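Colleague: After the structure tokens below, expect a handful of questions from me.
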Amino acid sequence: MLVLVACILSLAPPAGAAAAQAPLVPYIVGGQEASIAQFPWQVYVLRETASEGGAACGGSIISPTQILTAAHCVDHEGSTKTYPAADFLVVSGDSNVEAATLPPTAQLKLVASVRAHPYYTPLPNIKDDAAVLTLSTPLTLSPEEDAQAIGLGGATPAGGTPLTVSGYGKEEGAESAYPNGKLYTTTLTAFSAQACSNDVGEINSAVLLCAAGATSSTCQGDSGGPLVEGSPSVEAGLVDFGGVGCPVGQLDGFTNVTAPEVRDFIEGSETPPVAARPTSPPDLKWVGAAPVDFSTLTCEPGAWNGSPTLTYTFQAENASAQVLQSSTSNVFSPPSALVGVPIACIVQASNPGGVTTDSSGTTPPIAADTAAPSAAITAMKCSGQACTLSIAAADPNALALTLQATGSYTATVKCPVKKNNKKKKQGKRPVKAPVCHAPKTVKLSLKATAPGAYQATVSHLPYRKTITFAVTVTNAAGLRPVKTPVSATILHEPPKNKKGKPSQGGGVGPIGLTSG
């Protein structure tokens, strides 16, 4: 079960705040205490209403008058209706919002307006969880005030990227836990969009990113706070949701502020481009009962809205999660090195709103191919000294085939000359030279004429010789048919006309289409 990590308060804001007092409901679980000088863009967002009490969130400074936070921090719980701007107070430059006195760097600002993302939807199908608060008066941004704006990242962090999150939220996940008001931080590791979607069951991966810490997590009160990357830091996400009880080692969800669907809103658009979403999942198909090496896997993309451009990533579904192929091609033939490894296909759908991913199911472990191809010479036609063979060849697992057709016959050749230094005796008739024979093989020219159909041609064949044609077929796994297709024929010279010249055509002896 997922929960939003905004913090509902029953106590009061920091000393000097204009709203009634109420303690935060805690800080980052498993984190380290931090100074606001380390995260000068971090702010504390307090909401206080007479009827519902208070709630606290984090936020970040993106300009002197604008604060970025989560949409679920500004709405009535479970709806998209926002609270009035007058209900909010923003505190910057403070490392401990529960201290008895405010530090000289602290700035308290009222809010003039609240903008929530126009496409925001709450849990369980949460997306576009972002809001911008416009302050009544500008913040003074300077190192002396421990207040600095942070820029937005340019691209979604790749899986494995180290990220840093900060916030005033809960330090333990118990429902009764409360924070001490201090700023905390921890380091998390980004997960791929697909790992994120697989784990949390979301289809909005374009506007969602996930990260986890082995011994830490975000918790209630951290919502809306910044998830940053690199040095100098840029904001990659804002705290969105996590597991009940704030378990460490599990994925936390963050709104992806680098996605155009979110970023364009932050920068002022009320009609940002919408990233593609799948309406039916991808499907990975293969030939035969089970996938085998060298046989084609086909990734059918499913259905998508948003007219995206699609790319396909075939990935080994084992401990290595090795990317095997990533391109616009939706077919992949696993080599023998992948025998025993299951494979999945991840579809990336790109449009002006961002990049959304969805994955197929996983194949059974790839098996070694043991099914031999089949082949036959289905017809032969000869004219003069040329022959054309029709060949049918197929593989039960649709492996690629290599074909070679040959014709062989026994040719009459000159016998080797034996050296004889003895002088020939005068007066005797010359001895007639003996006739010798030698095997000869010619290759036929091959071309495919249709799926599974081929044509082989050859010319300049001899007359009155038994010519045996054979077709060798080998599939990509090195397997051959149980029997090699063979066929034999004898070509005869065409009869001569009255003028003693050969007439058109030529005779063909008995043709045998056999396999052996």
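Colleague: Considering only the stretch 164-174, I want to know if a residue exists there that is in a loop (DSSP other than H, G, I, E, B) and surrounded by fewer than 17 Cβ atoms within 10 Å (Cβ to Cβ).
Modeller: yes
Colleague: Could you list all residues from the stretch 37-63 that are in contact with an Asp or Glu (Cβ under 8 Å, 6 or more places away or on another chain), surrounded by 24 or more Cβ atoms within 10 Å (Cβ to Cβ) and assigned to a loop (DSSP other than H, G, I, E, B)?
Modeller: Trp41
Colleague: With Gly268, Gly340 as the choices, which residue is more than 30 Å from Pro396 (Cβ to Cβ), more than 20 Å from the chain's Cα centre (by Cα), modelled with pLDDT of 95 or more and not in a strand (DSSP E or B)?
Modeller: Gly268
Colleague: Any idea how many residues of the stretch 447-471 are closer than 22 Å to Pro396 by Cα and assigned to a strand (DSSP E or B)?
Modeller: Residues in the stretch 447-471 being closer than 22 Å to Pro396 by Cα and assigned to a strand (DSSP E or B): 9 in total.
Colleague: In the stretch 271-306, what count of residues is obtained for those that are more than 22 Å from the chain's Cα centre (by Cα) and at pLDDT below 95?
Modeller: 4
Colleague: Going residue by residue through the stretch 27-38, is there one that turns out to be at pLDDT below 85 and of a type in the set (Val, Ile, Thr)?
Modeller: Yes, that holds for at least one residue.
Colleague: Considering only the stretch 130-169, how many residues are closer than 20 Å to Asp240 by Cα and in contact with a Ser or Thr (Cβ under 9 Å, 6 or more places away or on another chain)?
Modeller: Of the residues in the stretch 130-169, 23 are closer than 20 Å to Asp240 by Cα and in contact with a Ser or Thr (Cβ under 9 Å, 6 or more places away or on another chain).
Colleague: Is the stretch 77-94 home to any residue that is touching a Gly at 6+ places or on another chain (Cβ under 9 Å), over 19 Å from Glu144 (Cβ atoms), modelled with pLDDT under 95 and not hydrophobic (A, V, I, L, M, F, W, C)?
Modeller: no
Colleague: Of everything in the stretch 64-104, what is more than 35 Å from the chain's Cα centre (by Cα) and either of a type in the set (Lys, Arg) or in a strand (DSSP E or B) (or both)? Give them in sequence order.
Modeller: If the condition is that a residue be more than 35 Å from the chain's Cα centre (by Cα) and either of a type in the set (Lys, Arg) or in a strand (DSSP E or B) (or both), then Gln66, Lys81, Thr82, Phe88, Leu89, Val90, Val91, Ser92, Asn96 are the ones that fit.
Per-residue answers, yes or no, for (1) under 29 Å from Thr449 (Cα atoms); (2) over 18 Å from the mean Cα position of the chain (by Cα); (3) among the hydroxyl-bearing types (Ser, Thr, Tyr):
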position: Leu310; (1), (2), (3): no, no, no
position: Ala319; (1), (2), (3): no, no, no
position: Gln322; (1), (2), (3): no, no, no
position: Ser336; (1), (2), (3): no, yes, yes
position: Gln385; (1), (2), (3): yes, yes, no
position: Ala392; (1), (2), (3): yes, yes, no
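Colleague: Could you check, for the stretch 254-264, whether at least one of its residues is in contact (Cβ under 8 Å) with a residue 60 or more places away in the chain, among the hydrophobic types (A, V, I, L, M, F, W, C), part of a loop (DSSP other than H, G, I, E, B) and not assigned by TED's automatic domain parsing to the domain that holds Pro308?
Modeller: Yes, the stretch 254-264 contains a residue that is in contact (Cβ under 8 Å) with a residue 60 or more places away in the chain, among the hydrophobic types (A, V, I, L, M, F, W, C), part of a loop (DSSP other than H, G, I, E, B) and not assigned by TED's automatic domain parsing to the domain that holds Pro308.
The values are calculated or read from the model by the stated rules, or taken from the named source; none is laboratory data. Because the structure is a prediction, the values reported are computed rather than measured. In this analysis, Cβ positions are derived from the backbone assuming ideal geometry, glycine residues included, and neighbour counts consider all displayed protein chains.
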